[in-house]
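Enquirer: Got a structure here, written out as structure tokens. Questions coming.
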Amino acid sequence: MATITATDTSDAHPYLRAATAGIRHHTRALTPSAPTDRRHLDNLHEHLARLHLLLDQLADTVRAEHPAAGRHLATAHLRLWQAATSVHDAFHMLPAAPDCTPHRLPDGPLVLTICQRHLASGHAIRRKTTPADHNTA
């Protein structure tokens, strides 16, 4: 197997490939009997929010030279936000851990972290779409 360096042009996106590998590993390691908790959904929501931002930037970059590709990326951007909304909603449907002590968490309570992140993503999506767009995607 060949070694790929950070400056190798055959792998222009090493961090994206590493994130994909991490998700792939997590999916394989996840067992059906393992319960999903709020921390798990919070981490998944953070991945979706970061990917949402990346798609937003890609759509803006591509749209000028390739309008059709830009429209497809904009649609993916909207659908990803809809997926993040569903994960956010699921987070709030799960019970909090009985030993949860929000005042001792370094980043504050999970519920505030995920909600703040979701509000920021919602602001970004509303800046570029209309309510009618939300129903057609």
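Enquirer: Take the residues in the stretch 109-131 that are of a type in the set (D, E, K, R) and within 21 Å of THR75 (Cβ to Cβ); name whichever of them is modelled with the lowest pLDDT.
Expert: The selected residue is LYS128.
Enquirer: Taking the stated definitions as given, is LEU55 in a helix (DSSP H, G or I), open to solvent by less than 40 Å² (accessible area, probe 1.4 Å) and within 18 Å of TYR15 (Cα to Cα)? Don't jump to the end; show me each part of the working.
Expert: Working: in a helix (DSSP H, G or I): yes; open to solvent by less than 40 Å² (accessible area, probe 1.4 Å): yes; within 18 Å of TYR15 (Cα to Cα): yes.
Yes: the conditions hold for LEU55.
Enquirer: Find the residue count for the stretch 9-52, including only residues that are surrounded by 15 or more Cβ atoms within 10 Å (Cβ to Cβ) and either within 12 Å of ALA84 (Cβ to Cβ) or touching a helix residue (DSSP H, G or I) at 6+ places or on another chain (Cβ under 7 Å) (or both).
Expert: 11
Enquirer: I'd like the residue in the stretch 82-108 that is modelled with pLDDT of 90 or more and open to solvent by less than 60 Å² (accessible area, probe 1.4 Å) and, out of all such residues, is nearest to the chain's Cα centre (by Cα).
Expert: ALA84
Enquirer: Yes or no: the stretch 25-42 includes at least one residue that is among the basic types (Lys, Arg), within 24 Å of LEU112 (Cβ to Cβ), assigned to a helix (DSSP H, G or I) and modelled with pLDDT of 90 or more.
Expert: no
The values are calculated or read from the model by the stated rules, or taken from the named source; none is laboratory data. Remember, it's a predicted structure, so these values are computed and weren't measured experimentally. No Cβ is skipped: glycine too gets one built from the backbone with ideal geometry, and neighbour counts run over all protein chains shown. Note: areas computed on protein heavy atoms with side chains; ligands, DNA, RNA excluded. Shrake-Rupley method; radii C 1.70, N 1.55, O 1.52, S 1.80 Å.
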